[in-house]
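Input: a single structure, listed below in structure tokens.
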Amino acid sequence: MEKVQQVKNDGLMAIEKCENLEQLNQVRIDYLSKKGHVQGLMALMKDLSKEEKPAFGQEVNDCKQALTKALDAKMEVLQKDALKAKLEKEKIDITVAGYKPNIGTVHPLMMIQQELEDLFVGMGYSVAEGPEMELDLYNFERANLPKDHPARDMQDTFYITPNTLLRTHTTAIQMRVLEQAKGQLPIKLICPGKVYRRDDDDATHSHQFMQMEGLVVGENITLTDLKGTLRFFAKKMFGEDREIRFRPSYFPFTEPSVEVDVSCHMCGGKGCNVCKQTGWIEILGAGMVHPNVLEMSGFDSSKCSGFAFGIGLERVAMLKYGIDDIRNFYTNDVRFLKNFDRFD
Ligand code: FA5
Ligand code: MG
């Protein structure tokens, strides 16, 4: 009986001394597990007489219950302490200034592309794409530019092999679209994409830039439809007060041909470095699809006609956002790109 008292007192004392849940768990193992001190007391039973056994068993049971109760009570206290300590440690000072996460922005050229796609899709156009590495056939020959045609010099070309090249204009996509249509009318498409030329880089020229081709082919499509479409596009993109002008021009794949200029955003038309003192910035070339082009792609040019245009997206972005150097689009300076988060 003394031994039982001893185990009980030692146990209660050990529980009392515990400072954390790990220690308490160890005490629970030491005393109450199968190999623990309380179980050890039961082993003493076999040395007792039949009369003594019940009282002893009762005593051991009491001991076990007392320890269990004390362990549970202590556990509750320690758990509360632990939670309190944790809350204390993890306290958040909501008055401390936070960090602003660094969020990227849509590239200004993508914004222009998306805005133009919206505008033309709204007028019933669909969107088509094509490969950047292109066959001479689609970039030049189908565009009424046979080999050795002098107008090939208008677009100095990066050749890969004598018959493959980096497309110099999105007009190459137009030729693929015409071929795929197999003479079916009407056609009403825009084709955005990157193009490449051996141009010297300056404020308004880049050796890699973006164009968006537009193509409409059907019955009785006229130059008036083209002018109306382009005027609508220019006013929508640049506002009613920006001047635009149509200038007669030449492209082998259109007849007649025009180029469209917008009054310079930097000088308002007076003349400056950006517009090379002319007061105007050229944004697109356009015209009525040449009958040869229609015929080569399998259309009867006596039964249908069409117009096409090729817009320079960098030029549009420069005019719209007041950017004075085309190279800004390609140097990836984050300070430049960050300016566009407010347009998202
Ligand atoms: C063409 O590329 C014709 N394919 C456009 C066309 C399509 C005419 C359909 C008729 C029918 P051009 O070479 O002028 O034309 O280029 C068209 C536009 O691309 C220019 O108005 C200009 O905005 C832009 N552009 C041309 N060269 C560069 C360059 N090096 N850097 C940036 N933009 C350029
Ligand atoms: Mg031009």
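What follows is calculated from the coordinates using simple rules that are stated; it is not laboratory data. All values derive from a computational prediction rather than experimental measurement. Ideal geometry is used to build each Cβ from the backbone, glycine not excepted, and the neighbour counts take in all protein chains shown.
In a fully extended conformation the segment linking Gln5 and Leu185 would gain 54.3 nm over its present Cα-Cα distance, using 0.36 nm per residue.
Put a plus charge on the Cβ of each Lys and Arg, a minus charge on the Cβ of each Asp and Glu, and nothing anywhere else: the dipole of the chain about its Cα centre is then about 940 debye. Projecting the Cα atoms of Ala97, His37, Leu119 onto the dipole axis of the chain, where Lys and Arg carry +1 and Asp and Glu carry -1 at the beta carbon, places His37 farthest toward the positive end. Taking 4.7 Å between beta carbons as the limit, the unpaired Cys residues of the chain are Cys18, Cys63, Cys191, Cys304. The string of couplings for region 296-303 from the Karplus curve (6.51, -1.76, 1.60, θ = phi - 60°) is 4, 9, x, 10, 8, 6, 8, 10 Hz, one whole number per residue in order, with x for Gly and Pro.
Would you please give the FRET efficiency between His107 and Glu132, computed as 1/(1 + (r/R0)^6) with r the Cβ-Cβ distance and R0 = 22 Å, to the nearest 0.05?
0.80
The region of the chain that goes longest without hitting one of the GluC sites (Glu not before Pro) in a DSSP loop, each with at most 16 other Cβ atoms within 10 Å, is 244-344.
Relative to the dominant Cα principal axis of the chain, helix 52-89 is inclined by about 30°. A Cβ-based charge dipole, computed about the Cα centre of region 1-94 with Lys and Arg at +1 and Asp and Glu at -1, lands at about 260 debye. Annotation: the residues Ile94, Ile187, sorted from fewest to most other C-beta atoms within 10 Å of their own C-beta, follow the order Ile94, Ile187.
The angle between the Cα long axis of helix 2-17 and the longest principal axis of the Cα atoms of the chain comes to about 30 degrees, rounded to the nearest 10.
The sum of -39500 (n - 2.57) across all DSSP H runs of n ≥ 4, divided by the residue count of the chain, sets its helix-only mean residue ellipticity at 222 nm to -12500 deg cm²/dmol. Lys and Arg at +1, Asp and Glu at -1: add these up for the other residues within a Cβ distance under 11 Å of Met296 and post the number. My count for the surroundings of Met296 gives -2.
The amide H of Trp280, built 1.01 Å from its N in the peptide plane, has Cys264 as neighbours under 5 Å, considering only residues 5 or more places off or on other chains. Charge tally around Lys100: other residues with Cβ under 13 Å, Lys/Arg +1 each, Asp/Glu -1 each, net 0.
For Val127, the residues 5 or more places off, or on other chains, whose built amide H falls under 5 Å of its own are Ile190. On a 0 to 90 degree scale, rounded to 10, what angle separates helix 108-121 from the longest Cα axis of the chain? Approximately 70 degrees, to the nearest 10. Backbone phi angles across region 145-158, fed through the Karplus curve with coefficients 6.51, -1.76 and 1.60 (θ = phi - 60°), yield HN-Hα couplings of 10, x, 3, 6, 5, x, 5, 4, 5, 4, 10, 5, 10, 8 Hz in residue order; Gly and Pro are listed as x. The relative contact order of the chain, computed from alpha carbon pairs under 8 Å that lie at least 6 residues apart in sequence, is 15 percent.
Using +1 on the beta carbon of Lys and Arg, -1 on that of Asp and Glu, and nothing else charged, what's the dipole of region 94-170 about the Cα centre, debye to 20? Don't skip to the end; give the middle numbers.
On the way: 5 positive and 11 negative charges, 47 e Å.
Dipole about the Cα centre, nearest 20: 220 debye.
Using the Karplus relation 6.51 cos²θ - 1.76 cosθ + 1.60 with θ = phi - 60°, the per-residue 3J(HN,Hα) values for region 160-173 come to 9, 10, x, 10, 10, 7, 7, 4, 9, 7, 6, 4, 4, 5 Hz, with x marking Gly and Pro. For region 1-156, the relative contact order comes to 20 percent (Cα pairs under 8 Å, sequence separation of at least 6).
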